[in-house]
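Taking it in order: structure first as structure tokens, then the write-up.
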Amino acid sequence: MGIARTRHTPDQTHPQTLIIIHALSNRSRGSNHVTQEYHPREKDIIPGGSSLMARAILFRTRASASFNYFQAWARGQSTIPLAQPVVELSAAERLEPRSPVVVTSEIPGPRSKELAARLGQYQNTDAVHFFVDYERSQGNYVVDVDGNCLLDIFTQIASLPLGYNHPRLVKAMQKPENMATVINRPALGSYPPVDYVERLQNSLLSVAPPGLRQVQTMGCGSCSVENGMKAINMAYQRRIRGPVPYTEEELQSCLVNRTPGSPKLSFLSFKNGFHGRTMGALSLTHAKWYVKLDFPAVDWPIAPFPQLRYPLEEFVRENHAEEQRCLEEVRDLIDTWDKRGEPVSGICIEPIQGDGGDNHASAGFFQGLQDICDETGVYLMFDEVQTGGGVSGKYWAHEHFSLRHAPHVVAFSKRMLSGGFYFADELRPKEGYRIFNTWTGDPTRLVLLEQVIKEVREEGLMANAELVGRYMLDSLKMLQCEFPGLVKNARGLGTLCAVDIRDAKTRAEVLRRMRNRGVNLGMCGVSGIRLRPSLLFKRRHVDIFLDRLRTTLAELK
Ligand code: PSZ
């Protein structure tokens, strides 16, 4: 008998509860693929909506499915009576709830509020949305401590590759042979475990961006960007210095932040970029005031990121001109700062600006940027902390740009579970302890990442991201036609989709109402809604999201 059965009392008035219970009890039984009746629209999708008849059929199907679930659960069976149409479900999908269920009058509910008040004794909790029951959360659904079950399209700030409690990851963590990895967190740079090389090969190296074969793990995204910058600066200085030993003056002056040991180099970033909160990465970040205010930052060149008009295919000429303008500015800045005696050693850019507003630029823009870097000897770093991990339809979003050669650094974190960066051979430090800290990552994360990568391959999840993303974008474009003025600028690559809402106040209201309807969303830029689903997001999830968004927008029209 599953753990869930002993912990929850089935309640016929909340059929969804039964599904969660069934799902959890199945997880503990560890059963494999089954087929079951399924969302009738999964096979025959029309983006953007359902007729009354379709809704009626859907309701009936769901109601009878719930009853069947209950009967099966009551008999302790792990298989579910079949109905038509039938599609194959993965083990993970079988565990997932069918739709959101909201049981409190608003979210956060009373228990969340009580916990926030308690936590508030020890820290500021203004950023807390709600408290989560991570044990009961499953797949694309997050369950809060009040029993609300929300479709999660923000996934812990875009950091869950396979949603919650994926059976494959649960299994990996239950393996006794992985226990030592979990318990004994090593100082990886000095005492790597016996299986570390193999772990790296099976995880990070197996999905390395084309042309890069060096990798360094790190803790978080900021730390990854920060150390990517360091690797670039070291390589830059090495190039200038040549194959000579360090001078005593260099070794002494660096200790007191003076030249020549601490050289006057600069790093170029873009307006609205987000690269993290540590002091180096923070100097590259220009997205939100509350990330920056009161902290000293290095005065480095900031170039404009193209402000494109959407849909991209309709504004090709205007957008091209805008991108050329930005590239010219990059060129000018490199020149100006060189003359100032603070040459640009590297450029850091997101393939799609995330926090700064889901701003896209074309492949041509990035190719042009790489050309400028090659001409001026500036190193190019892609910050793929938010775009990496397959959600763009490729493992790395910069792979969409057909660059002439690999960038020098690709920083990652979030959906890769471990932070870190891939880098060109040329950037490899010449001494130990130069890119280093106590943990430099966590092998436990690689155990999980290995399973994530296997699942992505076996279940074709990158192709899924591309297909579902296209469907989601088409649907958002339709919604934009339905609510002109209220919704605009639908844009996306894979499932990295976004829309802008009329203004920031309306956006906040949309997010609040959507949450109360059981859909958890993120925001970006001034008035953007940012969609960051897991790789398990399917068309049926898009439909649930869209249905609720349409209702919400109609209320706010
Ligand atoms: O408010 C915050 O601190 C947020 S909200 C979203 C993020 C951070 N994203 C983190 C991030 C990122 O999106 C990109 C493109 N680069 C670096 C980072 C920093 O990663 P962490 O938060 O892991 O340090």
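Which of the numbered conditions does V128 fail, given that it passes all the others? Conditions: (1) loosely packed, with under 12 Cβ neighbours inside 10 Å; (2) among the aliphatic types (A, V, I, L, M); (3) touching a helix residue (DSSP H, G or I) at 6+ places or on another chain (Cβ under 6 Å).
It is condition (1) that V128 fails.
Can you tell which of S99, S78 is at pLDDT 95 or above and assigned to a loop (DSSP other than H, G, I, E, B)?
Sole residue among the options that is at pLDDT 95 or above and assigned to a loop (DSSP other than H, G, I, E, B): S99.
Spot the failing condition for R428; the list is (1) within 16 Å of the ligand (Cβ to nearest atom); (2) more than 21 Å from N202 (Cα to Cα), and only one is missed.
(1)
Need a quick list: helices (runs of 4 or more DSSP H) entirely within segment 220-291 having at least 1 residues that are more than 16 Å from the ligand (Cβ to nearest atom).
Here the list reads 221-241, 248-253.
Quick one: P296 ticks every box in (1) part of a helix (DSSP H, G or I); (2) open to solvent by 10 Å² or more (accessible area, probe 1.4 Å); (3) at pLDDT 95 or above except a single one, so which number is it?
Single failed check for P296: (1).
Filter segment 133-150 down to the residues that are open to solvent by less than 30 Å² (accessible area, probe 1.4 Å) and closer than 30 Å to E450 by Cα and list them by number.
S137, Q138, G139, N140, Y141, V142, V143, D144, C149, L150, listed by residue number.
Would it be correct to say that T285 is surrounded by 15 or more Cβ atoms within 10 Å (Cβ to Cβ), in the same structural domain as K230 (by TED's automatic domain parsing), in contact with an Asp or Glu (Cβ under 7 Å, 6 or more places away or on another chain) and of a type outside the set (A, V, I, L, M, F, W, C)?
The answer is no for T285.
Given the conditions (1) open to solvent by 30 Å² or more (accessible area, probe 1.4 Å); (2) closer than 18 Å to L511 by Cα; (3) not polar (S, T, N, Q), which single one is not true for I153?
(1)
Tell me whether segment 331-349 contains one or more residues that are within 15 Å of the ligand (Cβ to nearest atom), open to solvent by 30 Å² or more (accessible area, probe 1.4 Å) and part of a helix (DSSP H, G or I).
Checking segment 331-349: not a single residue is within 15 Å of the ligand (Cβ to nearest atom), open to solvent by 30 Å² or more (accessible area, probe 1.4 Å) and part of a helix (DSSP H, G or I).
Restricting to segment 358-386, name every residue that is more than 14 Å from F421 (Cβ to Cβ), open to solvent by less than 10 Å² (accessible area, probe 1.4 Å), within 16 Å of the ligand (Cβ to nearest atom) and touching a residue at least 60 places away in the same chain (Cβ under 8 Å).
D358
Would segment 303-319 turn up any residue that is outside any loop (DSSP other than H, G, I, E, B) and within 16 Å of the ligand (Cβ to nearest atom)? Quick ask: steps written out before the conclusion?
Taking segment 303-319 first, the residues outside any loop (DSSP other than H, G, I, E, B) are 303, 312-314, 316-319.
If we keep only those that are within 16 Å of the ligand (Cβ to nearest atom) too, we end up with none.
No - not one qualifying residue is present in segment 303-319.
The values are calculated or read from the model by the stated rules, or taken from the named source; none is laboratory data. Bear in mind the structure is a predicted one, so any value in this text is a computation, not a measurement. Here Cβ is always computed from backbone atoms with ideal geometry, including for glycine, and neighbour counts include all displayed protein chains. Just so you know, the surface numbers come from the protein's heavy atoms only, side chains and all, with ligands and any DNA or RNA stripped out. Shrake-Rupley method; radii C 1.70, N 1.55, O 1.52, S 1.80 Å.
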